[in-house]
Amino acid sequence: MTDTPETSNPTALATARVTPNDIVRFLLEIVAVVSLAIWGFTQWPMPWPGIAFGIGAPLLAVLLWALFLSPKAVFQVDAFGRALFEIIVMGSVALAWWGMGQPIVAGGFALLATVSGVVNGRRRI
C-alpha cells in the first residue's frame, strides 16, 4: 500500500479537522452579512442611502473578516486584535438588530457570537 499525500502526513489530518464551533462560526458569519444587508435596506430611505448601506455594510464586514479574521487572513494580528475585530463585526450586527426593534434577536445573536468567539479564542491560545 502506498502512502498518499493525505495519509503520509498525520499533522495535515489534524489541522484539517472541522469542529462544531467552526460550523457555528460559519453560520454566524452568514447571518451577520445577511443581517447587515437587511438593516441597510430597511432602516435607511430608498434609493439613497438605503442602497449604499444595504450593500456597503455587509461588504465592510466581509472585508474586515477577510483581512483580519479568516483562517487565511491577509494581516496576521494577535489574539487581542482578532477579538477586537470580531467584536466590531458581531457587535455591529447585534446593534443593527437592536436598532430594527428586535432586542431578543440582538441578545440571542450577541450571546451566541460571544460564546463561539470565546471558545474559538481559547482554542487558538
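The values are calculated or read from the model by the stated rules, or taken from the named source; none is laboratory data. Here the structure is a predicted model, which is why all the values come from computation and not from measurement. Here Cβ is always computed from backbone atoms with ideal geometry, including for glycine, and neighbour counts include all displayed protein chains. Ligands, DNA and RNA are excluded from the accessible area calculation, which covers all protein heavy atoms including side chains. Shrake-Rupley method; radii C 1.70, N 1.55, O 1.52, S 1.80 Å.
So what is the calculated 222 nm ellipticity per residue for the chain, using -39500 (n - 2.57) for each DSSP H run with n of 4 or more, over all residues, to the nearest 500 deg cm²/dmol?
Theoretical 222 nm ellipticity from helices: -24000 deg cm²/dmol.
Using only Cα atoms, tell me the angle between helix 103-124 and the longest principal axis of the chain; keep it within 0 to 90° and round to the nearest 10.
20 degrees
So how much slack lies between TRP44 and ILE125, counting 0.36 nm per residue of separation and subtracting their Cα-Cα distance, in nm?
Gain on extension, TRP44 to ILE125, equals 25.1 nm.
Residues of the range 66-88 with the amide nitrogen closer than 20 Å to a label point 7 Å from the Cα of TRP98, along Cα-to-Cβ, please.
Under 20 Å, as judged by backbone N against the label point of TRP98, lie 83-88 of the range 66-88.
Just one of (1) 1.28; (2) 0.94; (3) 1.03 is Cα Rg over 2.2 N^0.38 Å as worked out from the coordinates here. Which one is it?
(1)
Which residues make up the longest stretch of the chain clear of trypsin sites (Lys or Arg not before Pro) that lie in a DSSP loop with no more than 10 other Cβ atoms within 10 Å, not counting the sites?
Here the longest segment lacking exposed loop sites spans 18-71.
Which residues among the range 81-112 fall inside the zone where the amide N is under 20 Å from a point 7 Å beyond the Cα of LEU63, along Cα→Cβ?
Only 82-94, 96 pass the distance filter.
Work out how much length ALA83 to SER70 would gain on full extension: take 0.36 nm times their residue separation and subtract the Cα-Cα distance, in nm to one decimal.
Here the answer is 3.5 nm.
For the chain, what is the accessible area per residue in Å², given a 1.4 Å probe and the full set of protein chains?
67 Å²
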